[in-house]
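Below you'll find the structure, written out as structure tokens, and then a few comments.
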Amino acid sequence: RPPRSTLFPYTTLFRSGTTSEHADNKDVHKLFGNFYLRHNQPVEALKQYRKADQLDGSRGVYLLEFATWAMRETHHEEAISAYKDLMDTASAQSIKSQASVGLAEAYRFLGRRDEAMTAYQQTLSQYPRTAQSEEAMFHIAELHLTYLHDPSKALIAFRTLLAAAPGSSFRAEAMFRMADCHLSRGSIRDAITQRSEERRVGKECRSRWS
């Protein structure tokens, strides 16, 4: 994101009317997109990033950058539009997988949990064995636990994540939430056992790092 002190070149371009001279310059469209985002105009910003992405061969790099920034600034609807564009136009699977899980995340932030669940499940089925599928598995389990109030299904989902990706960055948090699943089921003994296992694994990890 450009600092506010660099806005002068943007406003100069707008006032001088020279934008037509740079109509085919993707970087200029990105600059305008940044300008609009900095001034809380995400719809106009998305138009500029779309143009930049088209000029870049619709690879999705610019749109993904916009969506990431829009999410950070809580422009979730515009992020959703960008993520959907990416899933329709981007060619690289790595871009599509990030867009897929990003779409789910945007739905989740908006409280549209059914749509989030569907998007996470699509990520899991279409982009298996990726970091995004691990993230999807974790949030599917979370939604089962906190939204659908089904700790048994959540426990299965967390276990599936740990079995499929034992080295996942979500491992520690998944193990912690598994204990919560046991508590929600009224199984205190299993929760205690799970907490003990979590501490054991944590000690092993720390000993490897030291």
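The values are calculated or read from the model by the stated rules, or taken from the named source; none is laboratory data. Just so it is clear, the structure is predicted and the values come from calculations on it, not from any experiment. Neighbour counts are summed over all protein chains in view; Cβ atoms, including those assigned to glycine, are modelled from backbone coordinates with ideal geometry. The protein model used for the area step is the full one, side chains on, heavy atoms only, and it has no ligands, DNA or RNA in it. Shrake-Rupley method; radii C 1.70, N 1.55, O 1.52, S 1.80 Å.
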Does any residue of segment 108-115 turn out to be in a helix (DSSP H, G or I) and buried (at least 19 other Cβ atoms within 10 Å of the Cβ)? yes
What are the pairs with Cβ atoms under 7 angstrom where one residue, in segment 140-168, is touching a residue at least 24 places away in the same chain (Cβ under 8 Å) and more than 21 Å from Gln122 (Cβ to Cβ) and the other, located anywhere, is of a type in the set (D, E, K, R) and open to solvent by 20 Å² or more (accessible area, probe 1.4 Å)? Sequence gap at least six, or different chains. Pro151/Arg185; Ser152/Arg185
Residue that is surrounded by the most Cβ atoms within 10 Å (Cβ to Cβ) [pool: residues in segment 61-102 that are part of a loop (DSSP other than H, G, I, E, B) and of a type in the set (S, T, N, Q)]: Thr74
Elements of type helices (runs of 4 or more DSSP H) in segment 1-58, at least 3 residues being open to solvent by less than 70 Å² (accessible area, probe 1.4 Å) and at pLDDT 70 or above: 26-38, 42-55
Hey, can you tell me all the residues within segment 115-141 that are farther than 12 Å from Gly102 by Cβ and of a type in the set (A, V, I, L, M)? Met117, Leu124, Ala131, Met137, Ile140, Ala141
Which condition does Gly111 not pass, out of (1) in contact with a Ser or Thr (Cβ under 8 Å, 6 or more places away or on another chain); (2) at pLDDT 95 or above, if it passes all the others? (1)
Would it be correct to say that Glu105 is open to solvent by 50 Å² or more (accessible area, probe 1.4 Å) and acidic (Asp, Glu)? yes
Test Leu145 against the stated conditions and say whether it is touching a Cys at 6+ places or on another chain (Cβ under 8 Å) and more than 22 Å from Glu115 (Cβ to Cβ). no
